[in-house]
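The next block holds one structure in the form of structure tokens; read it before the comments.
The values are calculated or read from the model by the stated rules, or taken from the named source; none is laboratory data. Given the structure is predicted, the values throughout are model-derived calculations rather than measurements. Cβ atoms come from the backbone with ideal geometry, glycine included; neighbour counts cover every protein chain shown. SASA here: full protein model, heavy atoms, side chains in, ligands and nucleic acids out. Shrake-Rupley method; radii C 1.70, N 1.55, O 1.52, S 1.80 Å.
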Amino acid sequence: MEILTGFLGSGKTTLLNRMLSDGAFRDTAVVVNELGEIGLDHLLVETAPGQVALLEGGCLCCAVVDSLPETLLDLVRRRAGGDLPRFGRIVIETTGLADPGPIMEVVRRSPLLAHFLSLGVVVTALDMLGGQGQVERHPEALRQLVLADRLVLTKLDLRGPLAPEECVWIAGANPLADVVTASDVLADPALLLAPSRGARPAVTDDHAAHSHGVRAWSFPLGEPVTRSGLAAFAAALDHRLGADLLRCKGLARTRGRLLLVQGVGARFSVTEAPPSAAEAGPHLTVIVQRREAGEIAALLPWLHVPEGTMPPSKEDLQ
């Protein structure tokens with residue numbers, strides 16, 4: 001059993017899908033943890049039908065950690081009973097706010113789980129557009145970094161190669177981890193879950209480290225939106241929430257097309273949603289720090305401005 005973690009928007013699902021697209025890894029079951037009220041990420045994982053389990057309703061390392069053993073054992077039972085295709089590994093994809101320490105410990109401390117499963121590598125996706133700042137601000141991002149057997153540096157294609165001081169920072173934070181890039185995994189998917197060459201970092205306790213005041217607010221979208229509206233809403237979120245905006249993701253329908261919305265801080269992208277995502281229905285989940293749902297709900301009308309409308313300025317939101 002492997003753990004794939006990394007802070008909000010670091011590219012975990014992209015890495016997982018790249019690995020699963022390789023025929024050698026099709027015998028993989030996946031457990032996806034969702035923080036928001038409406039699950040989406042499990043619908044974006046490209047594996048065999050029935051081999052993705054969703055743990056929703058809270059963060060895996062604390063709110064739903066007691067559900068993990070039963071979820072894992074249920075997968076094993078269904079495999080043994082022939083209800084699932086045979087799988088040779090389980091990958092747990094955590095929410096971006098999970099501390100991997102308690103997850104590792106719950107597996108280690110269960111004799112029943114240990115009979116069927118062994119803990120493999122802990123892989124952390126590290127967003128190199130803003131990862132150092134995330135680690136400095138959020139304790140769970142630091143734990144994801146220091147407890148990793150393997151670090152996958154993501155988004156270097158959007159900014160260029162590492163600076164020498166970044167290499168020193170990464171090595172100082174976790175000198176035991178293997179370090180590869182997302183491009184390395186693209187070229188050779190086996191790198192993602194390959195056995196680690198180094199010793200595993202020690203887990204000093206099983207208490208989750210968490211940022212204070214982080215909440216996930218989900219908003220169903222009953223009416224179609226416009227593309228200009230999506231741009232306007234993204235700008236309004238950035239202007240109104242600033243650094244308190246951590247993540248935005250969801251589905252939006254416009255002119256009969258279902259779009260996948262992905263935002264990390266102020267960086268937003270809108271792409272065609274895969275058919276599998278339609279089950280979740282149009283919605284947006286916004287993950288923020290120290291902000292209430294009403295502050296975000298007040299910005300939702302921007303989603304419906306006419307095409308051609310310019311995104312709002314800070315002055316427009318006064």
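Given Cα pairs under 8 Å that are at least 6 residues apart, what percent is the relative contact order of the range 106-161?
In percent, rounded to a whole number, it is 40.
If you build a Gaussian network model of the chain, linking Cα atoms that sit under 10 Å apart, which residue out of VAL288, VAL179, VAL168 swings the most?
So, out of VAL288, VAL179, VAL168, the one fluctuating most is VAL168.
In whole percent, what relative contact order does the range 62-141 give with Cα contacts below 8 Å and a gap of six or more residues?
The normalised contact order for the range 62-141 reaches 33 percent.
Determine the percent antiparallel among the DSSP beta bridges restricted to the chain, to the nearest 5.
Beta bridges within the chain, antiparallel portion: roughly 50 percent.
Within 10 Å, Cβ to Cβ, of ARG89, how many net charges do the neighbouring residues add up to if Lys/Arg are +1 and Asp/Glu are -1?
Neighbourhood net charge equals -2.
At 1.4 Å probe size, what's the solvent-accessible area of ASP188? Round to the nearest 10 Å².
That residue has around 70 Å² of solvent-accessible surface.
Near THR226, within a Cβ-to-Cβ distance under 11 Å, what is the net charge of the other residues, with Lys and Arg +1 and Asp and Glu -1?
After counting each charged neighbour, the total is +1.
Excluding ligands and nucleic acids, what accessible area in Å² is computed for THR5 using a 1.4 Å probe, to the nearest 10?
Taking all protein chains as shown, THR5 has close to 0 Å².
Excluding ligands, DNA and RNA, what is the solvent-accessible area per residue of the range 57-170 at a probe of 1.4 Å, expressed in Å²?
Value returned for the range 57-170: 40 Å² of accessible area per residue.
Pop a pseudo-label 7 angstrom from the Cα along the beta-carbon direction at both SER110 and GLU165 and give the gap in nm to one decimal.
Rounded to a tenth, the inter-label distance reads 4.4 nm.
Fully extended, how many nm does the chain gain between ARG77 and GLU315 (0.36 nm per residue separation, minus their Cα-Cα distance)?
79.9 nm
Have a look at GLY96, ALA29, VAL122 and report the one farthest towards the positive end of the charge dipole of the chain, computed about the Cα centre with Cβ charges (Lys/Arg +1, Asp/Glu -1).
So the residue we want is ALA29.
What does the charge count around GLY130 come to, taking other residues whose C-beta lies under 13 Å from its C-beta (Lys +1, Arg +1, Asp -1, Glu -1)?
Net local charge, GLY130 excluded: +2.
Starting from the Cα-Cα distance between ASP157 and VAL179, subtract it from 0.36 nm times their residue separation and give me the gain in nm to one decimal.
Fully extending the segment from ASP157 to VAL179 adds 6.3 nm.
May I ask you to derive the FRET efficiency for ALA24 and ARG137 from their Cβ-Cβ distance with R0 = 51 Å, giving the value to the nearest 0.05?
Working from the Cβ atoms, E equals 0.85.
In whole Hz, what ³J(HN,Hα) sequence does the range 302-317 give by Karplus (6.51, -1.76, 1.60; θ = phi - 60°), x for Gly and Pro?
Result, ordered by residue: 4, 5, 10, 5, x, 4, x, 6, 6, x, x, 8, 4, 5, 5, 9 Hz.
Using a ≥ b ≥ c from the Cα gyration tensor of the range 169-318 (square roots of the eigenvalues), is it rounded, prolate or oblate, where a/c under 1.5 gives rounded and otherwise the larger of a/b and b/c decides, a/b for prolate?
Prolate.
Mind checking the dipole of the chain: about its Cα centre, +1 per Lys or Arg Cβ, -1 per Asp or Glu Cβ, Debye to the nearest 20?
With Lys and Arg at +1 and Asp and Glu at -1, about 300 debye.
When the Karplus curve 6.51 cos²θ - 1.76 cosθ + 1.60 is applied with θ = phi - 60°, which whole-Hz ³J(HN,Hα) does each residue of the range 249-257 get, with x for Gly and Pro?
8, x, 10, 9, 9, 9, 6, x, 9
Going by alpha carbons, how many degrees (0 to 90, nearest 10) lie between the helix axis of 164-173 and the longest principal axis of the chain?
Between the helix axis and the principal axis of the chain, the angle is about 60 degrees.
Just to make sure I understand: if all protein chains stay in place, what is the order of CYS248, CYS167 by accessible area at 1.4 Å, largest first?
The residues order as CYS167, CYS248, largest area first.
Between ALA243 and ARG255, with labels modelled 7 Å along Cα→Cβ, what's the label distance in nm to one decimal, could you check?
3.9
Quick check: with the 1.4 Å probe, what order do PHE116, PHE233 take by accessible area, largest first?
Solvent-accessible surface, decreasing: PHE116, PHE233.
Taking a ≥ b ≥ c as the square roots of the eigenvalues of the Cα gyration tensor of the range 230-318, is the shape rounded (a/c under 1.5), prolate (a/b larger than b/c) or oblate?
oblate
Output the relative contact order of the chain, whole-number percent, from Cα pairs under 8 angstrom with separation of 6+ residues.
19
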